[in-house]
């Protein structure tokens with residue numbers, strides 16, 4: 001399992017590394033270990049049609065969540081089978097809001113703040 005192999009490499013470096021786990025489809029235990037290393041998890045359009053990740057989404061601290069479309073793959077519902085596009089990320093945010101029962105607008109603002117922090121973008125606007 002690539003997640004476990006990656007964690008075995010990173011855990012001895014705790015406090016010296018941070019980052020984001022692209023297209024996260026692991027379980028709560030794996031997510032917990034990444035969060036403990038200060039890694040965020042990035043969720044995709046898969047959340048709009050697959051329920052097996054709801055528990056990990058509910059478990060995720062809101063300040064450790066990022067979203068993506070994995071363009072051109074993993075298009076969210078209602079675009080399954082079509083080319084995914086970055087503008088479709090709003091459907092991922094909507095799915096997370098539905099799973100967590102967080103207000104969509106506040107969640108979106110938090111995800112933007114997370115991206116700014118994780119990628120060192122500085123203030124936008």
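The numbers here are math on the coordinates, done by the rules we state, and not lab data. Worth saying up front: this structure is predicted, and the values here are computed from it rather than measured. Cβ sites come from the backbone with ideal geometry, for glycine too, and all protein chains shown count toward neighbours.
For residues that are farther than 15 Å from residue 94 by Cβ and over 12 Å from the mean Cα position of the chain (by Cα), tally how many sit in region 35-49. Steps first, please.
First pass over region 35-49, keeping only residues farther than 15 Å from residue 94 by Cβ: 35-42.
Restricting the remaining residues to those that are over 12 Å from the mean Cα position of the chain (by Cα) gives 36-38.
Result for region 35-49: 3.
Residues that are loosely packed, with under 14 Cβ neighbours inside 10 Å and touching a residue at least 24 places away in the same chain (Cβ under 8 Å) number at least 1 in the following strands (runs of 3 or more DSSP E) confined to region 1-68: 19-21. Just one of the listed residues (71, 75, 95) is within 21 Å of residue 28 (Cα to Cα) and either in contact (Cβ under 8 Å) with a residue 24 or more places away in the chain or outside any helix (DSSP H, G or I) (or both), and it is 95.
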